[in-house]
Amino acid sequence: MSSLLELSHELLHCIFCGIEPADLSALSRTCKDLNSYIRGNRLLHKDLYMRRYDEPRPEYGELDWEQEIKNLVTLEEILESEAGRDAKADRLGFVAEKIERLLETATRDHEASLNIQRLRAYFKHTSNIDAFLCASSLFERAGNDSQTPASTAELQQQSAKLHCLFGVPIDPLPKRSSLTFQRPNLSLSPSSCTRMQSRTLPTHTYARAKVYDLRQYTDATLWGPFMDDGSQRVDWEKVEAIMIVLGFNLNKFSQRSDGRWPKVWDQAFVGATPNSFTSHEPAKLAPPKESEEESEEISKIRELALSLNSQDPYGVTGTWMRVVCFLDYNDLYAFNFSHRIGAQDLRDPIDTEEGIIDLEESLQVTKIEAPGSVSEDDEWVSVDGDGQDWSSFKGDRLPVVHFRGRSRSLHASWDPNANSAIRGTVRQTASGDIRWTTFSIFHGEERWRSEGIQVGGIRSARGVLGSWFDKDYDMHGPAGPTAFWKVSDSCEDDRNSGIPFAYY
């Protein structure tokens with residue numbers, strides 16, 4: 001030991017950087033001199049961190065590297081443990097907090113990210129999936145015997161959020177031979193048509209019951225995936241249910257199309273980090289037709305659009321893919337109104353076949369307003385503010401961005417509900433989440449509205465999960481789940497005129 005202690009600090013640093021972080025604590029307890037060298041050694045702990053995890057971006061400031069290493073050693077011990085689900089479940093709060101932190105500080109390239117690679121390896125273990133991803137209230141009825149809800153509502157929310165960040169719905173897809181195109185037997189009662197109580201059902205049937213329960217759509221929830229208290233805090237259990245239902249339908253649609261529609265949401269933690277979207281082509285606006293000379297007015301509008309894009313922190317302008325799912329209105333009505341249940345009672349699971357529309361949307365920023373600006377779309381908030389409590393908010397508040405665009409169906413161009421004009425806003429909530437509001441416009445009249453949250457934070461590649469509904473808030477529906485995600489920074493203007501959307 002004396003020969004080791006006689007080495008220079010530089011050599012000790014090189015040696016100790018090669019050991020496992022979990023062994024550093026034991027090493028510091030071997031003697032007083034080593035304890036003195038290791039404790040408070042910021043550079044040593046920082047270098048150990050950098051060898052195993054991504055370097056946090058400068059905006060996170062100088063971290064307490066020693067505490068970061070201690071936290072990550074504890075996290076690794078929990079996730080690597082051979083203990084069963086029950087033993088691990090007690091650490092749900094700690095695990096969820098640290099994983100969120102690792103995703104926030106991950107590099108933008110998921111293939112090069114050490115954080116994401118390590119997390120994906122840990123969540124190949126069933127015990128981690130059961131303990132940390134399947135502990136929301138949904139799993140009180142759904143899931144297997146190893147998947148049970150956490151002890152408190154707060155922990156259930158944390159598990160649901162972690163499941164959404166994981167991004168791969170925990171819901172096995174039935175074999176193709178078991179999928180059916182047949183409609184329910186309409187000779188039965190409405191409740192029998194929309195419920196299957198004679199066998200154990202997969203998770204998506206319970207999630208579907210939550211998504212299509214029209215009692216979830218209220219002014220307090222903004223008719224979206226928010227808490228029922230008017231706070232605009234995200235209800236991650238709603239987002240989780242939406243993800244599971246959409247994931248099931250997208251996988252089924254991909255299977256039925258024989259691969260012509262690619263699978264999405266099949267890679268754990270990919271795209272669930274801020275600023276993780278990367279366009280494969282440079283941002284551009286469609287040029288004017290060669291046969292026409294661009295007017296001075298259009299030229300100024302085009303310059304304005306480019307200027308707005310540079311000021312937009314959310315990365316709105318570009319091409320997006322959207323999926324919309326819906327129940328036949330007769331099924332939706334029967335599910336909600338065929339018989340009365342208590343206000344707090346849960347509706348039975350349903351495996352009714354849903355419709356699905358896949359859309360391509362071209363969006364472009366048209367206006368940017370100061371943070372906290374109230375628009376006429378938010379009827380439920382005071383004119384003196386946006387209805388949120390910002391007293392605990394930390395950091396710089398982001399502006400409100402308005403946009404317009406167009407939506408077209410990728411597989412059902414004949415559908416009158418598919419092709420439309422689009423307008424909407426993106427804003428930050430007091431909790432730091434990114435809220436998207438969109439309106440679908442047919443023949444100049446707004447018809448459908450959607451509210452959603454960007455999973456993974458600002459400019460995440462995962463995109464937005466939320467709900468769509470009648471813009472007049474019809475309590476009888478229709479309503480359902482929707483999601484959209486960006487595929488390119490390139491935005492095509494009106495193909496016939498070459499005029500930017502900002503013109504309209």
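Peptides 243-249, 76-82, ordered by how many other C-beta atoms sit within 10 Å of their residues on average, highest first, read 243-249, 76-82. Using the Cβ-Cβ distance between S373 and N330 with R0 set to 60 Å, the FRET efficiency from 1/(1 + (r/R0)^6) comes to roughly 0.90.
By how many nm would the segment from K394 to E59 grow when fully extended, if each residue of separation counts as 0.36 nm and the alpha-carbon distance is taken off?
Working: separation 335, 0.36 × 335 = 120.60 nm, distance 1.28 nm.
Result for the pair: 119.3 nm of gain on full extension.
If you sort the three axes of the alpha carbon gyration tensor as a ≥ b ≥ c, you get a/c of 1.5 or more for region 1-100 and a/b no higher than b/c, which makes it oblate.
The distance between label points at R447 and T74 comes to 5.4 nm (points 7 Å beyond Cα on the Cα→Cβ vector). Computed extension length for R52-E353: 103.8 nm, one decimal, from 0.36 nm per residue of separation with the Cα-Cα distance subtracted. Shown is the FRET efficiency for K124 and A26, computed with R0 = 25 Å from the Cβ-Cβ distance and rounded to the nearest 0.05: 0.35. How would region 7-166 be classified by its alpha-carbon gyration tensor: rounded, prolate or oblate, with rounded meaning a/c under 1.5 and the a/b versus b/c comparison settling the rest? Judged from the Cα gyration tensor, region 7-166 comes out prolate (a/c at least 1.5, a/b above b/c). Pairs exceeding 21 Å between alpha-carbon atoms, taken from K252/K471; K98/K394; K210/K263: K252/K471; K210/K263.
Rounded to 0.05, the FRET efficiency of the C17 and D90 pair, given R0 = 41 Å and the Cβ-Cβ distance, is 0.80. Protection proxy ranking for 145-153, 130-138, using the average of other Cβ atoms within 10 Å per residue and placing the highest first: 130-138, 145-153.
No lab work stands behind these numbers, since they all come straight from the coordinates. Predicted model only: the values in this text are computed from it and were never measured. FYI the Cβ positions are ideal-geometry reconstructions off the backbone, even for glycines, and counts take in every protein chain you see.
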